[in-house]
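Worksheet for the structure shown next.
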Amino acid sequence: MNTINILLEDFSDIPYENISKILRLPIERHQRPRSPETLISEFIQSGRGGTCFSLNYTVMKALRMNGYPAWPVSVHTGRNSFPHYAVIFSIRDQSYLVDPGYLLYSPLCLKEKGSDYGTNGVLDYELSKQNGVYTLYSLDSQNRKIRYTFTPQPVGDRLFIHHWIRSYDYISALVASRIVDNSILYINDDYVRFTDAHSVQKSYDIDKANRYLSQYFGFTQEEIDRARGILKIHTS
């Protein structure tokens, strides 16, 4: 397990963002998904990240290359949006959940009884099973919030990639998230939010959003403006 923790720690700095995804909307559909090599190269060069599809695919491939069975799993967030995916991997006949899309790189054990706990350094997480269904909760000093539910039914790579390509049709906003100074920074168009274990600070400020997209996610102002223009055409 130490080997896996070291492997996942190497990925934990890669942020969640869909700007790099939006910038690929003008190209052919089947060419839009980025390879793990491209994602890692862009992260090293400029600090960019990916969405749940590209992040999960990269982590899943890395686990497999190191000899650990890993597969995508579709989860239910309770929102009427495109399915969210996480990754389950197996070691010594025990399965574990990781979810780069929720900045959760600390593996959570899929226990038959009781709960398992982990953290991303800001929020704590709990994974428990009831009536055959697993529930992921986020925990802070005041709340225990359901993030999603799932059954650990493997999804084949072919279907996963099919959903990945289709997910481009559902993009409706520039979204980015990462851990910054012991807080989770979340951006959705002009909405900016910092969340830590004790408080939430939020504002609507397009200039601040653009500045953070450049400072923490590696995009130039020209790229941000281009992504907003592409998205405006895409959603019209």
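The values are calculated or read from the model by the stated rules, or taken from the named source; none is laboratory data. Model, not experiment: these values are computed from the prediction. Neighbour counts are summed over all protein chains in view; Cβ atoms, including those assigned to glycine, are modelled from backbone coordinates with ideal geometry. Heavy atoms of the whole protein, side chains included, go into the accessibility calculation; ligands, DNA and RNA do not. Shrake-Rupley method; radii C 1.70, N 1.55, O 1.52, S 1.80 Å.
Between ARG92 and MET65, 0.36 nm times their residue separation minus their Cα-Cα distance comes to what?
8.1 nm
Using 0.36 nm per residue, how much length does the chain from SER214 to SER115 gain when fully extended, once their Cα-Cα distance is taken away? Mind showing how you got there, number by number?
Values: separation 99, 0.36 × 99 = 35.64 nm, distance 3.88 nm.
Gain in length upon complete extension: 31.8 nm.
Probe radius 1.4 Å, ligands and nucleic acids ignored: give me the carbon and sulfur share of the accessible area of the chain as a rounded percent.
Solvent-exposed carbon and sulfur of the chain make up 47 percent of the total.
Filter the DSSP H helices in the chain by two things, a Kyte-Doolittle mean of at least 0.5 and an axial alpha-carbon span of 18 angstrom or more, and list the hits by number.
Details: long enough: 52-65 (19 Å, 0.57); 221-234 (19 Å, -0.81).
Helix filter hits for the chain: 52-65.
So if I restrict to the alpha-carbon atoms in the chain, what is the Rg, and what is Dmax, the biggest pairwise distance, in Å?
Spelled out, the Cα radius of gyration and Dmax of the chain are 17.4, 51 Å.
Output the relative contact order of the chain, whole-number percent, from Cα pairs under 8 angstrom with separation of 6+ residues.
19
Pairs of alpha-carbon atoms within less than 8 angstrom and 6+ residues apart define the contacts here; what relative contact order does the stretch 108-151 have, in percent?
Reported relative contact order: 27 percent.
Can you tell me how the stretch 98-175 classifies by the Cα gyration tensor, rounded, prolate or oblate, using a/c under 1.5 as the rounded cut?
Since a/c reaches 1.5 but b/c is at least a/b, the shape of the stretch 98-175 is classed as oblate.
Which trypsin sites (Lys or Arg not before Pro) does the stretch 74-159 hold that lie in a coil by DSSP with at most 10 other beta carbons within 10 Å?
ARG79, ARG92, LYS113
Rounded to the nearest Å, what's the spacing between the alpha carbon centres of the stretch 141-181 and the stretch 200-216? Just the number, please.
Rounded to whole Å, the Cα centres lie 22 Å apart.
Per residue, how many Å² of accessible area does the stretch 195-236 show with a 1.4 Å probe?
On the way: 2710 Å² over 42 residues.
I get 64 Å² per residue for this part.
Per the helix-only calculation at 222 nm, which mean residue ellipticity applies to the chain, given -39500 (n - 2.57) for every DSSP H run of n ≥ 4 and division by its residues, nearest 500 deg cm²/dmol?
One gets -9500 deg cm²/dmol as the mean residue ellipticity at 222 nm.
In square angstrom, what is the accessible area per residue of the stretch 62-101 with a 1.4 angstrom probe?
Result: 47 Å² of accessible area for each residue.
If I take every Cα pair under 8 Å that is 6 or more residues apart in the stretch 72-196, average their sequence separation and divide by the length, what percent do I get for the relative contact order?
Here the relative contact order equals 18 percent.
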